[in-house]
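Participant: I have a structure here, written as structure tokens, and I will follow up with some questions on it.
The values are calculated or read from the model by the stated rules, or taken from the named source; none is laboratory data. Computed from a predicted structure; not experimentally measured. Please note: Cβ atoms are built from the backbone with ideal geometry, for glycine as well, and neighbour counts cover all protein chains shown.
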Amino acid sequence: MIYISPSLLAADFSRLGEEVDRIESAGANYLHLDIMDGNFVPNISFGPGVVASLRKKSMLIFDVHMMVFNPERYIDRFMKAGADIITVHYEAVKDPTALLRSMREREIRAGISVSPETPIENVIPLVDAGLCNMVLVMTVKPGFGGQKLIPETLDKVRKLRRYAERHGIELDIEVDGGISADNIAQCSSAGANVFVAGTAIFGSKKPNAVIKQMRLKAHDNPFMG
Ligand code: DX5
Ligand code: ZN
């Protein structure tokens, strides 16, 4: 299943509600919410209050990407704010196994993310143990929207999808950073099925056309093994 997850980071923050409406009616599946603490990443974005306000306005699946050190401090708050999926960074957590296990107990869909410098092998044991529903492979250095996709990161997507297929593991693989209709085919054929796009979707006057084109290209370029 293909999911398109526009990143709110590229929206007009003076009109957040309208912006979310605009991409919801344009056919998005998820809303990607980038939480940045000015510590794990140099940038600061927004917190659970903004997520809770948007929750009242939108039916989209809220895909919360925590670029925060020790995210365990905030899981409950984001759950309460209406998160449907919470992804934490492998690099930001002391004990990923314990955290993912406790997220599973709280019945929140859990993701684990790897920054470009982190080998994909590091998260394989977590996937193997069935502790996460999704792996987010960062295709840029986390922290800012509008960057260019680093092609080598797609090798990690391919490796992970091969592993999951070989072991019969059902897994969502999300790619995030610099994704557009121009390169989504490379991402989907590498094995990704959840596509984050900030600039490409919120930055467009015709987000419905962009989403449609992205979906079509991902569909036409499935994982090649
Ligand atoms: C970057 C964020 C991304 C970002 C994507 O650290 O995790 O979600 O908003 O934005 P674009 O699509 O503009 O690269
Ligand atoms: Zn993100």
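Participant: What number of residues within region 157-177 are within 16 Å of ligand 1 (Cβ to nearest atom) and either in contact with a Phe, Trp or Tyr (Cβ under 8 Å, 6 or more places away or on another chain) or closer than 17 Å to E91 by Cβ (or both)? Before you say what the answer is, go through the steps one by one.
Facilitator: Of all residues in region 157-177, those within 16 Å of ligand 1 (Cβ to nearest atom) come to 157, 172-177.
Still in the running and either in contact with a Phe, Trp or Tyr (Cβ under 8 Å, 6 or more places away or on another chain) or closer than 17 Å to E91 by Cβ (or both): 172, 174-177.
Number of matching residues: 5.
Participant: (1) away from ligand 2 (no atom under 16 Å from the Cβ); (2) over 16 Å from the mean Cα position of the chain (by Cα): which one isn't true of T118, the others all being true?
Facilitator: Condition (1) is where T118 drops out.
Participant: Is it true that some residue in region 141-149 is in contact (Cβ under 8 Å) with a residue 40 or more places away in the chain, surrounded by fewer than 18 Cβ atoms within 10 Å (Cβ to Cβ), near ligand 1 (Cβ under 10 Å from one of its atoms) and of a type outside the set (D, E, K, R)? Walk me through how you get there before you give the answer.
Facilitator: As a first pass, look at region 141-149 and keep what is in contact (Cβ under 8 Å) with a residue 40 or more places away in the chain: 142-146.
Keeping just the survivors that are surrounded by fewer than 18 Cβ atoms within 10 Å (Cβ to Cβ) gives 144, 146.
Those left that are additionally near ligand 1 (Cβ under 10 Å from one of its atoms): 144, 146.
From what is left, the residues that are of a type outside the set (D, E, K, R) are 144, 146.
Yes, region 141-149 has at least one match.
Participant: Another one. In region 86-121, which residue that is assigned to a loop (DSSP other than H, G, I, E, B) and touching a residue at least 24 places away in the same chain (Cβ under 8 Å) is surrounded by the fewest Cβ atoms within 10 Å (Cβ to Cβ)?
Facilitator: Within region 86-121, the subset assigned to a loop (DSSP other than H, G, I, E, B) is 93-95, 106-108, 115-119.
Then drop every residue that is not touching a residue at least 24 places away in the same chain (Cβ under 8 Å), which leaves 94, 106, 108, 115-116, 118-119.
Working: K94: 9, R106: 12, I108: 19, S115: 20, P116: 15, T118: 16, P119: 11.
Residue satisfying both the conditions and the ranking: K94.
Participant: What is the residue count in region 124-143 for residues that are under 25 Å from A197 (Cα atoms) and out of contact with any strand residue (DSSP E or B) (no Cβ under 9 Å at 6 or more places or on another chain)? Working first, answer last.
Facilitator: Our first condition is that a residue be under 25 Å from A197 (Cα atoms); within region 124-143, this holds for 127, 132-143.
Within this subset, residues satisfying the condition of being out of contact with any strand residue (DSSP E or B) (no Cβ under 9 Å at 6 or more places or on another chain) are 141.
Residues flagged as under 25 Å from A197 (Cα atoms) and out of contact with any strand residue (DSSP E or B) (no Cβ under 9 Å at 6 or more places or on another chain) within region 124-143 amount to 1.
Participant: So, in region 50-61, of the ones that are farther than 16 Å from A11 by Cβ and surrounded by 13 or more Cβ atoms within 10 Å (Cβ to Cβ), which residue ends up farthest from ligand 1 (Cβ to nearest atom)? Steps first, answer last, please.
Facilitator: First, pick out the residues of region 50-61 that are farther than 16 Å from A11 by Cβ: 52, 56, 59, 61.
Within this subset, residues satisfying the condition of being surrounded by 13 or more Cβ atoms within 10 Å (Cβ to Cβ) are 52, 61.
Values: A52: 20, I61: 15 Å.
This residue is A52.
Participant: Still on this structure: Filtering region 181-199 down to residues that are buried (at least 23 other Cβ atoms within 10 Å of the Cβ) and within 13 Å of ligand 2 (Cβ to nearest atom), which residue is farthest from the chain's Cα centre (by Cα)?
Facilitator: Filtering first and then ranking leaves G198.
Participant: Of all residues in region 166-210, how many are acidic (D, E) and in contact (Cβ under 8 Å) with a residue 24 or more places away in the chain?
Facilitator: To start, the set of residues in region 166-210 that are acidic (D, E) comprises 170, 172, 174, 176, 182.
In the following step, the residues that additionally are in contact (Cβ under 8 Å) with a residue 24 or more places away in the chain were identified as 172, 174, 176.
Final tally of qualifying residues: 3.
Participant: From G47, G38, G17, which residue is under 30 Å from I120 (Cβ atoms), over 17 Å from the mean Cα position of the chain (by Cα) and surrounded by fewer than 19 Cβ atoms within 10 Å (Cβ to Cβ)? It would help to see each step written out before you state the result.
Facilitator: Working: G47 fails: over 17 Å from the mean Cα position of the chain (by Cα); G17 fails: under 30 Å from I120 (Cβ atoms).
Matching residue, one of G47, G38, G17: G38.
Participant: Name the residues in region 211-225 that are aliphatic (A, V, I, L, M), free of Cβ contacts under 8 Å to residues at least 60 places away in the same chain and in contact with a helix residue (DSSP H, G or I) (Cβ under 7 Å, 6 or more places away or on another chain), would you?
Facilitator: Within region 211-225, M224 is the sole residue that qualifies.
Participant: Pick out the one residue from A83, A52 that is among the small types (G, A, S) and assigned to a helix (DSSP H, G or I).
Facilitator: Details: A83 fails: assigned to a helix (DSSP H, G or I).
Exactly one residue qualifies, and that residue is A52.
Participant: Among the candidates L54, L33, L60, L99, which residue alone is over 29 Å from G130 (Cβ atoms) and modelled with pLDDT of 95 or more? Reasoning before the result, please.
Facilitator: Details: L33 fails: over 29 Å from G130 (Cβ atoms); L60 fails: over 29 Å from G130 (Cβ atoms); L99 fails: over 29 Å from G130 (Cβ atoms).
Answer to the check: L54.
Participant: Which residue out of F78, F69 is assigned to a helix (DSSP H, G or I), in contact (Cβ under 8 Å) with a residue 24 or more places away in the chain and aromatic (F, W, Y)?
Facilitator: F78
Participant: Can you name the residue in region 150-180 that is surrounded by fewer than 21 Cβ atoms within 10 Å (Cβ to Cβ) and within 16 Å of ligand 2 (Cβ to nearest atom) and, of all such residues, is farthest from N193 (Cα to Cα)?
Facilitator: Here the residue is I150.
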